[in-house]
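Beneath this line is the structure, given in structure tokens, with notes to follow.
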Amino acid sequence: AAGHKVTLACRTQAKADAAATACMEYAAGLSAAGPAGMPDFYAARRAGGSAVGAACDLSSLSSVRAFAASRKGEPLDTLVLNAGLSLNVGDPAEQFTADGYELTVGTNHIGHFALATLLQPTLSKSSLQPRLLVTASGVHDPASGGGRQGGPEKWASLGELKGLAGGRAFTMVDGGTYDPDKAYKDSKLCNMLFMAEAARRWGSGGITANAFSPGLIADPDGFFRNQNRLFGSVFSGISKAVGVAETNDFAGSALAYLAVDPAMDGQTGGWYDALPLGKHSLGKHAPSAEARDAAKAAKLWELSEGLLA
């Protein structure tokens, strides 16, 4: 919690409480040299503060709205949108949220969009410089190593947003045939476009908005939990062996730096990626060409508003 009051919004109260307990235990082990036995990637990190859990299932708009309502009257200085659901790339069967949206985009984009827009009035009242931070991924960019995997038909591209324009029954944002791998990449491109448009729309109210990638963390019990177990385990081992994997400690430190460090005051509309891979280095980079399309960002925002109406 690093001296702050942190609310961990997770799918269930039990998961949130467990995450809060883990954070407090982690914070208790911090010292001037960082956590015991670990390199200190973020020197400004400190012990203290508090972490509490709260239920907020991003695949359920009723859950999102209930969580947002529970925050009424509570101060909010930084909002971090950190969900990253990735379904089994080998499963061709579509899955849907409680409200009928394709599950990946419904969780990673629509759930985030709903939460952020509901909390924006509270965030704008922060006595500090309010920040919005979105966890995206380098796979939003077909020019990146992860983004170009699978061939052009699986690259992130929202086309003319025909799927979203058709209403909540969409399976792909571009209106194409469902593909779970592309759906994830598209959802991360949505995150990038949402961040850029939030920076434009909310900047006059003092809110800064940025996006980042924590790097490659192929944990078969974490991000890769929905993939084939053997594939996830082998991929995780190889990525660590060749030195391109990142650590949870670095990823959390990068998030904390962008969320609260004074060096980020006034910085907005940026894309911060962990490059080179596995080198514990966070830098500002240019996002993909499509992520820089201001007209598409504005259209995505308007269509997303329409889906929530």
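The values are calculated or read from the model by the stated rules, or taken from the named source; none is laboratory data. All values reported here derive from a predicted model rather than from experimental measurement. Virtual Cβ from ideal backbone geometry, glycine too; neighbours counted across all protein chains shown. Keep in mind that these areas ignore ligands, DNA and RNA; they rest on the heavy atoms of the full protein, side chains included. Shrake-Rupley method; radii C 1.70, N 1.55, O 1.52, S 1.80 Å.
List of remarks:
- Within segment 190-203, residues that are farther than 21 Å from residue 126 by Cβ and part of a helix (DSSP H, G or I) have Cβ atoms under 7 Å from residues that are charged (D, E, K, R) and open to solvent by 10 Å² or more (accessible area, probe 1.4 Å) in these pairs: 193/296, counting only partners at least 6 apart in sequence or on another chain.
- Residue satisfying condition, being in contact with an Asp or Glu (Cβ under 6 Å, 6 or more places away or on another chain) and either closer than 27 Å to residue 88 by Cβ or surrounded by fewer than 19 Cβ atoms within 10 Å (Cβ to Cβ) (or both), within set 184, 178: 178
- Selected residue (criterion: nearest to residue 293 (Cα to Cα)) from residues of segment 150-165 that are in contact with a helix residue (DSSP H, G or I) (Cβ under 8 Å, 6 or more places away or on another chain) and open to solvent by 20 Å² or more (accessible area, probe 1.4 Å): 157
- Hits in segment 1-45 (condition: among the hydroxyl-bearing types (Ser, Thr, Tyr), at pLDDT below 70 and open to solvent by 70 Å² or more (accessible area, probe 1.4 Å)): none
- The single condition from (1) farther than 26 Å from residue 268 by Cα; (2) open to solvent by less than 60 Å² (accessible area, probe 1.4 Å) that residue 112 fails is (1).
- Counted residues, segment 136-168 - those being assigned to a loop (DSSP other than H, G, I, E, B) and farther than 12 Å from residue 105 by Cα: 21
- Among residues of segment 276-299 being out of contact with any helix residue (DSSP H, G or I) (no Cβ under 8 Å at 6 or more places or on another chain) and among the aliphatic types (A, V, I, L, M), the one that is surrounded by the most Cβ atoms within 10 Å (Cβ to Cβ) is 277.
- Hey, residue 127 at pLDDT below 95 and open to solvent by 50 Å² or more (accessible area, probe 1.4 Å) or not: yes
- Residue check, residue 86 surrounded by 15 or more Cβ atoms within 10 Å (Cβ to Cβ) and without any contact (Cβ under 8 Å) to a residue 40 or more places away in the chain: no
- Test: residue in segment 256-267 that is part of a loop (DSSP other than H, G, I, E, B), more than 13 Å from residue 214 (Cβ to Cβ) and free of Cβ contacts under 8 Å to residues at least 24 places away in the same chain: no
- Put simply, of 192, 172 the only residue that is in contact with a helix residue (DSSP H, G or I) (Cβ under 9 Å, 6 or more places away or on another chain), surrounded by 20 or more Cβ atoms within 10 Å (Cβ to Cβ), modelled with pLDDT of 95 or more and under 30 Å from residue 128 (Cα atoms) is 192.
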